[in-house]
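The values are calculated or read from the model by the stated rules, or taken from the named source; none is laboratory data. A quick note: this is a predicted structure, and the numbers were derived from the prediction, not measured. With ideal geometry, Cβ positions are generated from the backbone for all residues, glycine too; neighbour counts draw on all protein chains shown.
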Amino acid sequence: MPRATVARQYDGAAPASANGHTTVQPSEGELHIDYTVKLEDGPDADQTEEAFTVSYGDGATERLRIHDYTRVYEIPGLYEEVVQHQLRCASPDKIAAVLLGVAEREGRDPHLLRVLDLGAGNGVVGEKLRERGVDVLVATDSSPAARKAAGRDRPGLYASYVVGDSSGVPELGTIVRELGINCIVCAGALGFDHIEAGSFAELWDLLPPGAMFALTVHEDLVTPGSSDIGDELELMRADENATEFVVWERFRHRQSVAGESIHYVAVGALKGE
Ligand SMILES: C[S@@+](CC[C@H](N)C(=O)[O-])C[C@H]1O[C@@H](n2cnc3c(N)ncnc32)[C@H](O)[C@@H]1O
């Protein structure tokens, strides 16, 4: 069984794949981790319980849930291997395309966007935005390991990375004002006991007229009555002068560990002038 050799300086390119395993060719000066990953493909695994086993070169194994973010981010390349590569997560690309699509419709150059990445993790979404010309990126995540991983794997990507629950972090409000944030993105970090919708809405309220947001939310959580985010989006929709919904698109977010499609809705919106 081939082992994965994961390079620390992840260059954003999709790793070569063979039989569900990854080989990233190392280059000089990079830290290499030798492991394979096997998804636990039992039927009916709840999304919060989806798990996999990591087998290391020394024979040790470790069972982790995808939502064990702290440990997952500690292992270089593991989040990308499981979520981006094996489960083919499309949300980072989708959210970047949605935000840039709204910007293009408004005649805004990507270089003028100043984006707060909520639940940023180790920077996969930020990297997609940077590839599309966004210069100013600020991140926040409740996991200190996420910030550490972003600094380790994507140094210099974020101008600032605030660790803390997205609700009630005063530093975030200060950053929004001082860095002139005019966009929010949040990929896969609303719902499932992650970021509360009210926290997102409070931050959105701080942004100036003409601001934009892009979210990806599980399709079961996006309708009114189904979750706090569904209710919050409905409130925004009701006040159409305040927030215009430009994009509302169901898409295949990723596959489950059992190989079934998980659909999310990508939402792109613009704040009224
Ligand atoms: C599914 S991951 C998505 C990461 C990243 N957006 C991406 O697409 O690669 C969800 C992220 O939300 C973060 N998170 C969960 N609850 C949070 C909270 N209350 N405040 C801020 N971040 C949170 C987790 O630590 C994790 O990094």
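Conditions tested, residue by residue: (1) surrounded by 13 or more Cβ atoms within 10 Å (Cβ to Cβ); (2) modelled with pLDDT under 95.
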position: Ala16; (1), (2): no, yes
position: His21; (1), (2): yes, yes
position: Val54; (1), (2): yes, no
position: Pro92; (1), (2): yes, no
position: Gly101; (1), (2): yes, no
- Note on the structure: Within region 60-90, residues of a type in the set (Phe, Trp, Tyr) and modelled with pLDDT under 95 come out as none
- What tally of residues in region 208-228 results from selecting those that are assigned to a loop (DSSP other than H, G, I, E, B) and either of a type outside the set (Gly, Ala, Ser) or within 16 Å of the ligand (Cβ to nearest atom) (or both)? 9
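Residue-by-condition table, conditions (1) surrounded by 19 or more Cβ atoms within 10 Å (Cβ to Cβ); (2) at positive phi; (3) among the charged types (D, E, K, R):
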residue: Ala120; (1), (2), (3): yes, no, no
residue: Gly126; (1), (2), (3): yes, no, no
residue: Arg130; (1), (2), (3): yes, no, yes
residue: Gly133; (1), (2), (3): no, yes, no
residue: Leu137; (1), (2), (3): yes, no, no
residue: Lys148; (1), (2), (3): no, no, yes
residue: Pro155; (1), (2), (3): no, no, no
residue: Ala159; (1), (2), (3): no, no, no
- Number of positions in region 62-113 that are β-branched (Val, Ile, Thr) and within 12 Å of the ligand (Cβ to nearest atom): 6
- Task: Looking only at region 122-174, count how many residues are closer than 17 Å to Leu100 by Cβ and among the basic types (Lys, Arg).
- Result: 3
- Message: Looking only at residues that are charged (D, E, K, R) and away from the ligand (no atom under 15 Å from the Cβ) in region 161-179, which one is surrounded by the fewest Cβ atoms within 10 Å (Cβ to Cβ)?
- Response: Glu178
- Filter region 227-250 for residues that are in contact with a His (Cβ under 9 Å, 6 or more places away or on another chain) and exposed (fewer than 15 other Cβ atoms within 10 Å of the Cβ) and give the result. Arg250
- Query: Does any residue of region 242-251 turn out to be touching a Cys at 6+ places or on another chain (Cβ under 9 Å), outside any loop (DSSP other than H, G, I, E, B), hydrophobic (A, V, I, L, M, F, W, C) and touching a residue at least 40 places away in the same chain (Cβ under 8 Å)?
  - Reply: no
- Wholly within region 72-183, helices (runs of 4 or more DSSP H) carrying at least 3 residues that are farther than 18 Å from Leu206 by Cβ and in the same structural domain as Gly198 (by TED's automatic domain parsing): 91-105, 124-131, 144-153
- Note on the structure: Scanning region 180-190 residue by residue, those more than 10 Å from the ligand (Cβ to nearest atom) and either at pLDDT below 95 or within 17 Å of the chain's Cα centre (by Cα) (or both) turn out to be Cys183, Ile184
- Note on the structure: Selection from region 48-65 of residues in a loop (DSSP other than H, G, I, E, B) and touching a strand residue (DSSP E or B) at 6+ places or on another chain (Cβ under 7 Å) yields Glu49, Glu50, Gly57
